[in-house]
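The values are calculated or read from the model by the stated rules, or taken from the named source; none is laboratory data. What you are looking at is a predicted structure, and each value in this text was computed from that prediction instead of being measured. Every residue, glycine among them, receives a Cβ derived from its backbone with ideal geometry; neighbour counts consider all protein chains shown.
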Amino acid sequence: MTCGLAALSGKGMTVGMSLPAPLYIIASPRQRVGKTLVARLLIDFFRTSGRPLEGYDLHPREPALAERFPDLVQSIDIGHTRGQMRLFDRLLAHNSSTKVIDLGCGPFDQFFAVMEEIDFLMEARQRLIEPIVLFVADPTTATVRTYAELRHQLMPITFVPVLNQAVSVLFVRRTFHPRAPNAARSASLAFRPWCAV
C-alpha cells in the first residue's frame, strides 16, 4: 500500500513543516469491485503503524466496513443534509488523523457533488488535509468515462487507480492515468484474486 502514500512523501518540505493529513477516498461508480477490501487493507495498515485513524462507511444499507471495525468506522448516510454536514464537518476536524472513506456506488455522485458545492478542497488545503482518491476501476466504458470526468472536475486532487484483477483481466492500464502533484511517482495498485484479508 506504500504506493498510495507516495504523494505524501514530504519531499520539498522544510524542517518544522507539518505533513498534510491524508484523507483516502476509496471510490467507484460500480458495486462489487473491491472498494471495501481496499478500505479494510488501508485501515489494517494504519492500525498496525499506530497512526491516529478514523473511518467512514458511506454504504447506508450495507455498512460492511463499519461492522468490521465498529471502534474505528462510523456509518454515515449522506442522502440527507444532516448526514452531509456530519460527514464533511468531521472530515475537516482533527486534521492530524488519517481518514479513510469507503464510498459506496449509491452515494458516489452525491458525495463528489457536495464536495464541489461546499468548496471542500480549498478548506481541506487550508487545514493541511490531503484528499487522495483511490479509484477502484473496472473496464466498463461508463467507469472509464466517470474516471476521466472526475479527474477533470477535481483537478488538484491526487488520483490513484486501483486495478482489481479479480474483477477483470481486460484492463487497458493506460486508460486509468494516475494523477498527483508528483504524477511520475504515483502508481496504480494491483490486487490479485488470491489476496486474503
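Numbers below:
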quantity: Residue check for residue 112: at pLDDT 95 or above and under 14 Å from the mean Cα position of the chain (by Cα); calculated: yes
quantity: Condition check for residue 40: crowded, with 18+ Cβ neighbours inside 10 Å and not in a strand (DSSP E or B); calculated: yes
quantity: Among residues of the stretch 136-152, those that are out of contact with any Phe, Trp or Tyr (no Cβ under 7 Å at 6 or more places or on another chain), within 21 Å of residue 114 (Cα to Cα) and without any contact (Cβ under 8 Å) to a residue 60 or more places away in the chain, counted; calculated: 4
